[in-house]
Structure formats: C-alpha cells, structure tokens
Amino acid sequence: MRHLYFIIFILLLVALFFVPLKALTELSFDSELYSHFLLIPVVSLYFFIMDRKAIFAKYSYSISAGLSLIVAGLLLYWLGNSSFVELNRNDYLALMMFSFFICINGGFIGLYGIRTFRRALFPLLFLIFIIPIPTAILDPFIRILQVGSAHFTYAIFKIIGIPVFRDGMIFELPGIAIEVAKECSGIRSSLALIITSLIAGYLFLQTGWRRIVLVLSIFPLMILKNAIRISTLSLLAVYVDKSFLTGSFLHSSGGIFFFLLALALLAPVLLFLRKTEQKAGSQ
C-alpha cells in the first residue's frame with residue numbers, strides 16, 4: 001500500500017511541475033548538452049528494481065523529516081515562479097528541477113524512512129542529473145575544460161614535434177590557425193563520462209573511496225580526450241585536407257570515437273580499483 005502512496009505522490013508532483021517538466025523535455029531535444037535527461041529516470045528506476053529487495057527489506061515512516069524537505073522544495077518552486085528573481089531559461093529549469101528533486105526525496109523519506117533512504121541513496125541521488133547545470137557553474141566548468149584542453153593539445157604537438165606557435169587559445173600550425181573555443185570543451189561527452197563512471201563504480205566497486213577515485217579520474221581523462229580530438233583533427237587538416245576542421249564527419253559527428261577512447265582509458269583504472277578491492281577483501 002505504501003508503494004501506491006508513493007506512486008500517487010509522484011503523479012501529483014508531475015502534475016504540479018508539468019510546465020517545467022514539459023520545458024525540460026523540449027530542452028532535451030533542443031540541446032545536445034542535455035539530451036541525456038530522458039534516460040536518467042529510466043536508469044534510476046532500473047536500479048530501484050534491481051535493488052528493491054535490499055532497499056525495501058524494512059521501512060518505517062519519517063513524516064517530519066520528509067515534510068521538511070517537501071516544504072523546502074515547494075518554497076523553491078514558489079521562488080522560481082515569483083517575480084522576486086529573474087532567471088534565464090536554463091537557470092529557471094535548474095531551480096525547478098532542483099525543487100522537484102528535493103520533493104521526490106522528501107516524499108520517499110516521509111513514506112519509507114531515513115534508513116531506507118540510505119539504502120536507496122544511489123538511485124535517488126542519481127536523479128540529480130535531471131537538473132540542468134546552473135550557468136554560474138556551467139560557464140567556469142567549460143572554461144576549465146577549454147583551458148585544460150588547450151594546454152594538453154600544446155603538449156601533444158610539442159611531444160610529436162609539430163611546429164606550433166601558441167597565443168592563448170589560438171594555435172598556428174603549418175598552413176592553418178585553430179582556436180580552442182568553448183565548443184571544443186567537450187562538455188557533453190564529459191557529462192556522459194561522469195555519469196558512466198558513477199554507474200560503473202556503483203556496479204563494480206563496493207567501497208566509497210574507490211568509487212570517488214574512479215569519478216575523479218574522469219577529469220584528466222576528459223581533458224586528455226579533448227586534446228587528442230583537437231590535435232588529431234588539426235594534424236589531419238595540416239597533412240591531409242583542411243576540410244577535416246570544417247565539414248568532415250570526424251569533426252561534426254566523430255565525438256563518439258573519442259568518447260570510446262576515454263572509456264578505454266577509464267577501463268584500466270576501474271580494473272585496478274576492483275582488483276585492489278578484491279585483494280583487500282580476501283585478506
């Protein structure tokens with residue numbers, strides 16, 4: 001019966017947040033950065049179903065704690081729809097989805113209790129990826145990736161002996177000049193790598209600190225992957241055809257190949273952490 005109450009609660013939330021949820025769905029189709037939105041609830045539900053016996057082995061009400069979170073979420077909902085703050089589309093949806101996220105967790109805690117919430121921590125917190133990244137966080141993150149990619153790209157050119165002159169984000173190579181722009185930051189694939197590392201850590205690792213190490217290892221891999229892509233396209237433009245930097249398939253749609261490269265680089269890290277975990281468990 002309690003599961004039915006939770007389903008009804010979710011349906012009521014969906015009705016309340018229908019407008020921002022509809023806008024979020026439209027954003028997922030309009031922006032490549034957020035094309036993963038619609039998959040997040042599906043993945044979260046999968047982990048709920050997979051771990052349902054452990055999660056719901058024992059539960060009890062925690063009404064006061066749950067209501068506190070729901071009230072906090074509804075206050076954010078009111079704030080986002082009030083005239084007190086002016087937000088762009090992205091930041092409005094970020095606030096609305098953060099409110100939605102808090103209300104879902106509040107409802108779960110209220111109906112099932114804090115201990116059950118701890119057992120369901122991963123599938124519940126995984127829903128945080130339905131929240132668009134606020135501009136105040138997104139822009140600096142893109143800048144870090146952009147600058148890091150430029151440094152790594154310059155290092156690759158120097159290592160392989162390509163003549164290059166660098167002026168900030170601009171590289172002058174034989175016959176061409178390239179700029180490591182914001183579009184070169186690889187933010188979309190970086191988000192996909194973060195999500196993939198979280199799922200891999202949850203599935204294959206048991207200790208929290210190893211899961212954290214796996215996720216942190218993604219950040220240098222993001223930048224390295226971007227640098228390899230930039231340097232590869234640049235070298236192809238210099239020595240094969242300049243169109244590799246403009247209208248080639250590798251430029252417009254080749255990101256998947258470099259994403260797979262990043263996954264290949266991540267695999268040894270995961271295997272090493274898993275091996276050390278198994279070794280520690282056998283002692």
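The values are calculated or read from the model by the stated rules, or taken from the named source; none is laboratory data. Treat the numbers as computed from the prediction; the structure is a model and nothing was measured. In this analysis, Cβ positions are derived from the backbone assuming ideal geometry, glycine residues included, and neighbour counts consider all displayed protein chains.
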Could you identify the single residue in Ile187, Ile199 that is under 24 Å from Pro134 (Cβ atoms) and modelled with pLDDT of 90 or more?
Ile199
So, in the range 55-77, exactly how many residues are part of a helix (DSSP H, G or I) and surrounded by 11 or more Cβ atoms within 10 Å (Cβ to Cβ)?
15
Any residue at all in the range 196-218 that is outside any loop (DSSP other than H, G, I, E, B), among the charged types (D, E, K, R) and buried (at least 17 other Cβ atoms within 10 Å of the Cβ)?
yes
Which numbered condition Ser82 misses (of (1) modelled with pLDDT of 95 or more; (2) outside any helix (DSSP H, G or I)):
(1)
Candidate set from the range 1-25 (those that are under 23 Å from the mean Cα position of the chain (by Cα), surrounded by 12 or more Cβ atoms within 10 Å (Cβ to Cβ) and not aliphatic (A, V, I, L, M)); member that is nearest to Leu75 (Cα to Cα):
Phe17
Filtering the range 104-120 down to residues that are under 10 Å from Tyr61 (Cα atoms) and aromatic (Phe, Trp, Tyr) yields Phe108, Tyr112
Name the single residue, out of those in the range 78-114 being loosely packed, with under 14 Cβ neighbours inside 10 Å and either of a type in the set (D, E, K, R) or in contact with a Pro (Cβ under 9 Å, 6 or more places away or on another chain) (or both), that is nearest to Val42 (Cα to Cα).
Arg89
Inspect all residues belonging to the range 136-145 and state whether any of them is within 20 Å of the chain's Cα centre (by Cα), modelled with pLDDT under 90 and not in a helix (DSSP H, G or I).
no
